[in-house]
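Structure first, then comments.
Here, each number is a calculation from the coordinates, and none is a lab measurement. Keep in mind that this is a model prediction, so the values were computed, not measured. In this analysis, Cβ positions are derived from the backbone assuming ideal geometry, glycine residues included, and neighbour counts consider all displayed protein chains.
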Amino acid sequence: KGMLDGKSALITGAASGIGRAAALAFAREGAWVAAADLTLEGAQRTVAAIEAQGGEAVAIAVDVTDDAAVKAMVAAAVAAFGGLDCAFNNAGIAPYQLNSAGVPVADMEEPAWARMLDVNLTGVWRCLRHEVAQMRTQGGGAIVNTASIMGLVAGPGAAAYVVSKHGVIGLTKAAALDHAGEGIRVNAVCPGYIETPMTEDTMRRRGERIIGRTALGRMGKPEEIAEAVVWMCSDRASFVTGSAWTVDGGYTAL
Ligand code: NAD
């Protein structure tokens, strides 16, 4: 028996890294999965992997900076599975993707700053509001947002990213308070350094230092984040809302 038997789940950023691992884990735990990402092809690769392990999934193309597209994404998931029980708002970008890695706060250009917040913070809010609109009609649901250890501490030369992830934790707490009465739980996961395409650049530049200060002495695997997300979305987490769960191998314990 799976932890998410009979539940439907929507996951953004599902083509790669943590989102893909979560999509596979949700399906293994019995959920129907709507896998959303920027390109349909990317989302379809995850759907194919889910089908190969005997699960059921649909692929959806979405850009989380486009509110109409986000609304259509939620509608597509509901159309496929008849409702929406769980959502994992995970799509995000890293500083190097905006050529802003290593740029000090005062030297950041406004377009890179604005773009980072638009994808990583406002993108989560857009997803959340349309998911809540659906979940409140069903009497409840569970939402997990991907923050980061950069939502708890700061890293050098990553100001906009740090701010976006601190914002995700604030949004998570605010939404948990505002929608608890509707049976909707909202939590965040704060991954440390995880082996995905997003961290390749950082690990090349300062991987040794990062692993050196991680208690477990290694990077995490996307599947190790998925474990926490599955649990927070499951009924076993029935008293957990407004929390930000750190899964970082002890990085922030130092
Ligand atoms: P990744 O680059 O492997 O995957 C991110 C996915 O998000 C990609 O498939 C990408 O296409 C998608 N995406 C980006 N912009 C989008 C948009 N506008 N609309 C829809 N989809 C979009 O990275 P990952 O490491 O799996 O990161 C997933 C999440 O985890 C991100 O929010 C990231 O900030 C966070 N995170 C990652 C780490 C890490 O160490 N890898 C640590 C902490 C937090």
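Odds and ends about this structure:
- Within the stretch 170-206, the set of residues being in contact with a Phe, Trp or Tyr (Cβ under 8 Å, 6 or more places away or on another chain) and either under 17 Å from Y251 (Cβ atoms) or assigned to a helix (DSSP H, G or I) (or both) comprises L171, A188, V189, C190, G192, Y193, T199, D201, T202, M203.
- Those residues of the stretch 207-225 which are within 12 Å of the ligand (Cβ to nearest atom), in a loop (DSSP other than H, G, I, E, B) and in contact (Cβ under 8 Å) with a residue 40 or more places away in the chain, in sequence order: K221
- Screening A14, A22 for residues that are within 23 Å of V70 (Cβ to Cβ), in a loop (DSSP other than H, G, I, E, B) and in contact (Cβ under 8 Å) with a residue 60 or more places away in the chain leaves exactly one candidate, A14.
- Summed over the stretch 59-69, residues that are without any contact (Cβ under 8 Å) to a residue 12 or more places away in the chain and in a strand (DSSP E or B) total 0.
- One residue stands out among those in the stretch 79-116 that are crowded, with 16+ Cβ neighbours inside 10 Å and of a type in the set (D, E, K, R): the one that is nearest to E131 (Cα to Cα), which is D85.
- Hits in the stretch 32-58 - residues which are hydrophobic (A, V, I, L, M, F, W, C) and either out of contact with any Asp or Glu (no Cβ under 8 Å at 6 or more places or on another chain) or part of a helix (DSSP H, G or I) (or both): A34, A35, A36, L40, A43, V47, A48, A49, I50, A52, V58
- Inclusion of G42 among residues that are surrounded by fewer than 24 Cβ atoms within 10 Å (Cβ to Cβ) and either more than 26 Å from T172 (Cα to Cα) or touching a Lys or Arg at 6+ places or on another chain (Cβ under 8 Å) (or both) is warranted.
- Given (1) without any contact (Cβ under 8 Å) to a residue 24 or more places away in the chain; (2) within 16 Å of the ligand (Cβ to nearest atom), number of the condition P197 does not satisfy: (1)
- One residue from A142, A159 being in contact with a Ser or Thr (Cβ under 9 Å, 6 or more places away or on another chain), within 25 Å of A253 (Cβ to Cβ) and touching a residue at least 24 places away in the same chain (Cβ under 8 Å): A159
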